[in-house]
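Novice: Below is the structure I would like to discuss, written out as structure tokens.
Nothing in this text is a laboratory measurement; each read-out follows from the coordinates by a stated rule. The shown structure was predicted, so the numbers you read here are calculated from the model rather than taken from an experiment. Glycine gets a Cβ as well: all are built from the backbone with ideal geometry, and neighbour counts include every protein chain shown.
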Amino acid sequence: MDNRYSRRHEVAFDGGASLALSSSPHVVPVPYSDPAAVDPEELFVASLASCHMLWFLSIAAKAGYCVDSYRDAAEGEMGMDAAGRMVMARVTLRPHCQFSGERLPSDEEFAGLHAQAHHECFLANSVRSEIRIEAVKYA
């Protein structure tokens, strides 16, 4: 086998959405990978960021906070594990949250919301990767 085949593929989800996936062009050269598609490593980081955000928003709402905006600049870092295998060694979430209303979280409460979201996130509880949270609060 000469490994000259396209790694691009589509994934269909239960709700009807579909997503183009491919190996990263950093791993498999173009034209055998599709740089316009999402690679599994990007999807992994996005999944962790999404899970954290959804838990954070739920916990903040239940605590009576109004979150006006939430954006994340999440990043994954590949590395070798103790057995010499390439792994997603670290994921750093960098959520930027803006609040409004009469009740704004203190810095301590803000950190607590993120700590609880991290504790509750199904995906964060399922992976071996180190997950860091570097949150920024805007009022």
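Novice: Taking just the alpha carbons, could you work out the radius of gyration and Dmax for segment 40-138, both in angstroms?
Specialist: Every Cα atom of segment 40-138 included, Rg and Dmax give 14.4, 52 Å.
Novice: Would you give the gap between the C-alpha center of segment 76-119 and the C-alpha center of segment 10-63, rounded to a whole Å?
Specialist: 17 Å
Novice: Let me know the longest stretch in the chain that avoids all trypsin sites (Lys or Arg not before Pro) found in a DSSP loop with at most 13 other C-beta atoms within 10 Å.
Specialist: 5-84
Novice: Hey, what angle do you get for helix 40-62 against the long axis of the chain, alpha-carbon based, 0 to 90 degrees rounded to 10?
Specialist: Compared with the principal axis, the helix lies near 20 degrees.
Novice: Determine, for HIS118, HIS96, the number of other Cβ atoms within 10 Å of each Cβ, and report the residues in order from fewest to most.
Specialist: Going from least to most buried by this count: HIS96, HIS118.
Novice: Name the chymotrypsin sites (Phe, Trp or Tyr not before Pro) in segment 1-33 that are in a loop by DSSP and that have at most 10 other C-beta atoms within 10 Å, would you?
Specialist: TYR5, PHE13
Novice: Restricting to Cα pairs below 8 Å that are 6+ residues apart, what does the relative contact order work out to for the chain? Please round to a whole percent.
Specialist: 20 percent.
Novice: Could you give the size of the charge dipole of the chain about its Cα centre, using +1 on the Cβ of each K and R and -1 on the Cβ of each D and E, expressed in debye and rounded to the nearest 20?
Specialist: Charge dipole, the chain, about its Cα centre: 140 debye, nearest 20.
Novice: Which Cys residues of the chain have no other Cys Cβ less than 4.7 Å away and so no disulfide-compatible partner by this rule?
Specialist: Cys with no partner Cβ under 4.7 Å: CYS66, CYS97.
Novice: So how tilted is helix 107-120 from the main axis of the chain? Cα-based, degrees 0 to 90, rounded to 10.
Specialist: Helix 107-120 and the main axis of the chain meet at about 50 degrees.
Novice: Projected onto the charge dipole of the chain (+1 at Lys/Arg Cβ, -1 at Asp/Glu Cβ, origin at the Cα centre), which of TYR32, PHE44, PHE13 gives the Cα projection farthest towards the positive end?
Specialist: So the residue furthest toward the plus end is TYR32.
Novice: Tell me what the chain gives for mean residue ellipticity at 222 nm when only DSSP H runs of n ≥ 4 count, each as -39,500 (n - 2.57), the sum divided by the residue total, rounded to 500 deg cm²/dmol.
Specialist: -9000 deg cm²/dmol
Novice: OK, next. Would you mind telling me the antiparallel percentage of the DSSP bridges in the chain, rounded to 5?
Specialist: Of all bridge pairs located within the chain, approximately 65 percent are antiparallel.
Novice: In segment 62-132, what chymotrypsin sites (Phe, Trp or Tyr not before Pro) fall in a loop by DSSP, with at most 16 other Cβ atoms inside 10 Å?
Specialist: For chymotrypsin sites (Phe, Trp or Tyr not before Pro) across segment 62-132 that sit outside H, G, I, E and B with at most 16 neighbouring Cβ atoms in 10 Å, the list reads PHE122.
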